[in-house]
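Trainee: One structure is given below, represented as structure tokens, and several questions about it will come after.
The values are calculated or read from the model by the stated rules, or taken from the named source; none is laboratory data. Here the structure is a predicted model, which means the values were calculated and not measured. Because the Cβ atoms are built from the backbone with ideal geometry, glycine has one as well, and the counts that use them run over all protein chains shown.
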Amino acid sequence: MLKKIPVAELALGMYIHKICRRWTNDPFWIGLVEVMLDDIEVLRRIQQSGTQEVWIETGKSRVLAPGPSAASTAPSASDDTTPTSLEKEVLRARVICGRARDAVMSMFTEARMGRAMDVGNVQLLVEEISNSILRHPHALISLSRLKTSDEYTYMHSVAVCALMVALAKRMGMPDDQVREAGVAGLMHDVGKMMIAPAVLNKPGRLTRDEFEIMKAHPELGVKILMETQPVAASVIDVCLHHHEKVDGSGYPHGLKGDQISIFARMGAVCDVYDAITSDRPYKKGWGVAHSIREMASWKGHFDDVVFQSFVKTVGIYPIGTLVRLESGRLGVVVEQGQASLLKPKVKVFMSARTGKTFAAQVIDLTCPSDPDGIVRIEKPTDWGLEEVDTLWAGSPA
Ligand SMILES: [Fe+2]
Ligand SMILES: [Fe+2]
């Protein structure tokens, strides 16, 4: 079983599954995956590196770590759904995202090792994510877009889960179907655990042969889910069909239009949105508003009705979009407008004319006393802005 422990508890004789730190090219850290820790110098270097936590495989370790395992620790779901501000919910959503990512990593790793997944906590996680979305509709879905390369597959699952929950709510689905949509989002890519790491984590475009290997992940995922109890039929369906396209050009079955279930059509939109807006080792993620426009232009890919609901879910100018205003100010979208998706709240902080920053201030584009409007979307890199998301999400802890 996998267990996350503080580095202070790491000892010789423990089998390291993975070190919790940002991805690096350093061979020292790359080599510290799935290895027995039996060198005192390696242990010292890990302890002195400032790294906080490490995943160990208890079944392969010669010594035991104290305390309960992360996989078996049930998170307690908060049933608080009182609406709150983005700022406040981001703090809670960050904790929920971290917990969900760790749970997905633990479940998916069990699957990779050929063991039955323990999905006991999944319902509770989806409930937590759902409650966060009720407290603030955009905090968690915006936060789960921000992910490091080494946590991509796991955080992508959390992000698709959150988007599915928000989309299902927007489409007016009953609570039990909202929950199923969330679980389906969380599990849709479990089959990727059976793809060779050299293909799955390749830091570049896949060759035709590699893509053919990757295309097996929906069917491989179904095999895993069939051995996992209890899993709803809709969860298996999304896993199998989230890469189908309404014009029949998708895979694995080339289904068309209504042949694809509503859940799978929702999964297709949420999956692509998170994939193209996320940074990868070989490619910077597209801007959120740009991604919505691109997806709208892909005829035959998505179901129109589902896609329109999705746009209403994330906004035409999703949180984190850098925009230029008529007044010549540059700002980042921090809230969707209640009355119009075209008039969000924007945190302005820079003059587009002079390129100089000023004290950030949130303005409401629906406010008649300070009339202003969005002229266009800007690319953060064109303005030397690398960390534009910190303007609404703060700095990661
Ligand atoms: Fe997939
Ligand atoms: Fe995916």
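Trainee: Are any residues in the range 294-316 outside any helix (DSSP H, G or I) and closer than 17 Å to L143 by Cβ, and if so, which ones?
Mentor: Passing the criteria: only G315.
Trainee: Can I ask one more? If you go through the range 157-187 one residue at a time, how many are surrounded by fewer than 24 Cβ atoms within 10 Å (Cβ to Cβ) and under 12 Å from the mean Cα position of the chain (by Cα)?
Mentor: 0
Trainee: Something else: Taking only pairs six or more apart or across chains, which ones have beta-carbon atoms under 7 Å, a first residue in the range 154-179 that is not assigned by TED's automatic domain parsing to the domain that holds L143, and a second residue that is surrounded by 24 or more Cβ atoms within 10 Å (Cβ to Cβ) and in a helix (DSSP H, G or I)?
Mentor: Pairs that qualify, where the first residue is not assigned by TED's automatic domain parsing to the domain that holds L143 and the partner is surrounded by 24 or more Cβ atoms within 10 Å (Cβ to Cβ) and in a helix (DSSP H, G or I): there are none.
Trainee: Just to be sure before I move on: is R115 assigned to a loop (DSSP other than H, G, I, E, B) and crowded, with 23+ Cβ neighbours inside 10 Å in the structure I sent?
Mentor: When the stated conditions are applied, R115 does not pass them.
Trainee: For K147, all conditions in the list (1) more than 16 Å from ligand 2 (Cβ to nearest atom); (2) part of a loop (DSSP other than H, G, I, E, B); (3) closer than 22 Å to M105 by Cβ; (4) not hydroxyl-bearing (S, T, Y) hold save one; what is the number of the exception?
Mentor: Just one mismatch for K147, condition (1).
Trainee: Suppose we keep only residues that are within 11 Å of ligand 1 (Cβ to nearest atom) and part of a helix (DSSP H, G or I) within the range 209-218. Which one would you say is surrounded by the fewest Cβ atoms within 10 Å (Cβ to Cβ)?
Mentor: Filtering first and then ranking leaves M214.
Trainee: Restricting attention to the range 308-331, which residues are touching an Asp or Glu at 6+ places or on another chain (Cβ under 8 Å) and not acidic (D, E)?
Mentor: I319, G320, L322, V323, R324, L325, S327, R329, L330
Trainee: So, H242, is that one under 21 Å from the mean Cα position of the chain (by Cα), within 16 Å of F302 (Cα to Cα) and not basic (K, R) or not?
Mentor: So H242 passes the test.
Trainee: Among E151, E210, which is the only one that is free of Cβ contacts under 8 Å to residues at least 24 places away in the same chain and under 30 Å from I19 (Cα atoms)?
Mentor: E210
Trainee: Among (1) more than 16 Å from ligand 2 (Cβ to nearest atom); (2) in contact (Cβ under 8 Å) with a residue 40 or more places away in the chain; (3) outside any strand (DSSP E or B), which single condition is L341 missing?
Mentor: All conditions are met except number (2).
One line per residue, one yes/no per condition, for (1) modelled with pLDDT under 95; (2) within 25 Å of the chain's Cα centre (by Cα); (3) within 30 Å of S261 (Cα to Cα); (4) exposed (fewer than 13 other Cβ atoms within 10 Å of the Cβ):
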| site | (1), (2), (3), (4) |
| --- | --- |
| S297 | no, yes, yes, yes |
| H301 | no, yes, yes, no |
| I316 | yes, yes, yes, no |
| T321 | yes, yes, no, no |
| L325 | no, no, no, no |
| R353 | yes, no, no, yes |
| V362 | yes, no, no, no |
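Trainee: While we're looking at this one, here's another question. Would you say V272 is assigned to a strand (DSSP E or B) and either among the aliphatic types (A, V, I, L, M) or at pLDDT 95 or above (or both)?
Mentor: It is false that V272 is assigned to a strand (DSSP E or B) and either among the aliphatic types (A, V, I, L, M) or at pLDDT 95 or above (or both).
Trainee: Name every residue in the range 271-310 that is β-branched (V, I, T) and either assigned by TED's automatic domain parsing to the domain that holds E335 or under 23 Å from I363 (Cβ atoms) (or both), in order of residue number.
Mentor: Hits for the range 271-310 are V288, I292.
Trainee: A296: touching a residue at least 40 places away in the same chain (Cβ under 8 Å), among the hydrophobic types (A, V, I, L, M, F, W, C) and within 28 Å of D382 (Cα to Cα), yes or no?
Mentor: Answer is no for this residue.
Trainee: Moving to a separate point now. Restricting to the range 188-208, name every residue that is loosely packed, with under 11 Cβ neighbours inside 10 Å and modelled with pLDDT of 95 or more.
Mentor: Correct list: R208 only.
Trainee: May I pose another question? Among the residues of the range 187-209, what is the count of those that are among the aliphatic types (A, V, I, L, M) and within 14 Å of ligand 2 (Cβ to nearest atom)?
Mentor: The total comes to 5.
Trainee: On to the next question. Under 29 Å from D189 (Cα atoms), surrounded by 17 or more Cβ atoms within 10 Å (Cβ to Cβ) and modelled with pLDDT under 85: which single residue out of K60, K3 fits that description?
Mentor: Checking each option against the conditions leaves just K3.
Trainee: Is it fair to say L32 is among the aliphatic types (A, V, I, L, M), surrounded by 13 or more Cβ atoms within 10 Å (Cβ to Cβ) and under 23 Å from F108 (Cβ atoms)?
Mentor: Yes; evaluated as a whole, the condition is true for this residue.
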